[in-house]
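The values are calculated or read from the model by the stated rules, or taken from the named source; none is laboratory data. These numbers come from a predicted model, not from an experiment. Methodologically, a virtual Cβ is constructed for each residue, glycine included, from the backbone with ideal geometry; neighbour enumeration extends over all protein chains shown.
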Amino acid sequence: MAFLMVVLPMFLAIVLTYFNADDSVFVIIVPSIMFLILIVFIILMTDTIVSPMKKLLAQVKEIQKGNLDIEVHVTGYHEIESLSKSVERMKNSLLIAFHMLGERDISKDKSEKNSVSVFPLYFMITLPFFLYWISLTLLAGVLYSSSIGADIENTVPYWWILRPILIVAYGFFTSIIVSKLMTRKIGSPIKEMAVIAEKASMHDLDTDFTTDKNLGYLYELSLRLDDLKNAIKRAVEHMEKEDSI
Amino acid sequence: MNEIDILEKELVAVAGPLAKFVIKKQMKDMGFDRDDFPPEKISELVDLSVKNAVFDRSKQRSIARDIKRKIKANGNL
């Protein structure tokens, strides 16, 4: 995606420079076509994050219903696959609890009490790209407009070469900002959740899953995973108590 | 790290935190404690523990084989 955010401004700058576009209609039409390309990529990229999360969430819900015979297997980014393996391990532990204790009741303490909106995750993924494209289009419009662009051309030397460089540089720096923002807002919470899930599915049953409420699917998944972890914790305590008798 | 530790570590990595209770129960059913478990019975313990901790039958054989290989690599089998 970052690659596309650098390449598209280059293409925009080359097209606008090559055709010497002073016409405001041209300045609007070319970015609009490229905006459609960007939308397709945004939808595809959102899908690579949201779809596996939705699938995993559906499987966790099945486990909470007591359906422990399903195989949890979700493919995608490394963190999502790691999360899926941890959920499979947690499910297996619950199955052991069922066989050894006859326990199949997995309470939904937290997840049932909290209503979760799915909209914010889509919103948080797509918003930075929309803002990026709108600002790039505005910048190109201003730099290539016949009134403002011509005024600058008269005062700034080599403006014809500076203009595309400005657009490409803008694309480059905004792609860095958007990538960092995406990593911090979406990537890091997924990574953190994968780490906690791995610990919870192996030995550490005391660390709670905590995710930002604004992350929709991710937040709901963290609540449900916390409930699964607590069900395992109760089974462990039960077995330890039986062992000590 | 002795053979039971390896078995516990590997089985928990596959079946989750409750796997260690399965191993403990199998040892008890076989009539041994963790401290006096005979090395010649390890292979049997691995098979029984995997059978009772991993419910996907298609995976049981390969998981048991991997665990035995790791125990053997550690010089305990």
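Is it the case, given these coordinates, that A:Ala200 is closer than 27 Å to A:Ser82 by Cβ, over 16 Å from the mean Cα position of the chain (by Cα), among the small types (Gly, Ala, Ser) and surrounded by 14 or more Cβ atoms within 10 Å (Cβ to Cβ)?
When the stated conditions are applied, A:Ala200 passes them.
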**Prompt:** Among the residues of region A:72-79, is there at least one that is modelled with pLDDT of 85 or more, part of a helix (DSSP H, G or I) and surrounded by 15 or more Cβ atoms within 10 Å (Cβ to Cβ)?
**Reply:** yes
**Complete:** Flagged in region A:126-173 as in a helix (DSSP H, G or I), small (Gly, Ala, Ser) and within 30 Å of A:Ile42 (Cα to Cα), in numbering order, are A:Ser135, A:Ala140, A:Gly141, A:Ala169, A:Gly171
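Taking region B:16-65 as the search range and keeping residues that are away from chain A (no Cβ under 14 Å) and in a loop (DSSP other than H, G, I, E, B), which one is surrounded by the most Cβ atoms within 10 Å (Cβ to Cβ)? Show your work before the answer.
Just the residues of region B:16-65 that are away from chain A (no Cβ under 14 Å), to begin with: B:30-32, B:35-47, B:61-62, B:64-65.
With the extra rule that they be in a loop (DSSP other than H, G, I, E, B), the set shrinks to B:30-32, B:35-38.
Numbers: B:Met30: 13, B:Gly31: 7, B:Phe32: 14, B:Asp35: 7, B:Asp36: 7, B:Phe37: 16, B:Pro38: 10.
Ranking the qualifying residues of region B:16-65, first place goes to B:Phe37.
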**Message:** Can you tell me which residue is farthest from the other protein chains (Cβ to nearest Cβ) among those in region A:212-245 that are surrounded by fewer than 22 Cβ atoms within 10 Å (Cβ to Cβ) and of a type in the set (Val, Ile, Thr)?
**Reply:** A:Ile245
**Asked** Only one of these conditions is not met by A:Leu181: (1) within 30 Å of B:Lys9 (Cβ to Cβ); (2) touching a helix residue (DSSP H, G or I) at 6+ places or on another chain (Cβ under 7 Å). Which number is it?
**Response** (1)
**Request:** Sort out which residues of region A:54-77 are away from every other protein chain (no Cβ under 14 Å) and touching a helix residue (DSSP H, G or I) at 6+ places or on another chain (Cβ under 8 Å), and write them in order of number.
**Result:** A:Lys54, A:Leu56, A:Leu57, A:Gln59, A:Val60, A:Lys61, A:Gln64, A:Val74, A:Thr75, A:Gly76, A:Tyr77
**Asked** Which of the residues belonging to region A:1-27 are at pLDDT below 70 and under 31 Å from the mean Cα position of the chain (by Cα)?
**Response** A:Met1, A:Ala2
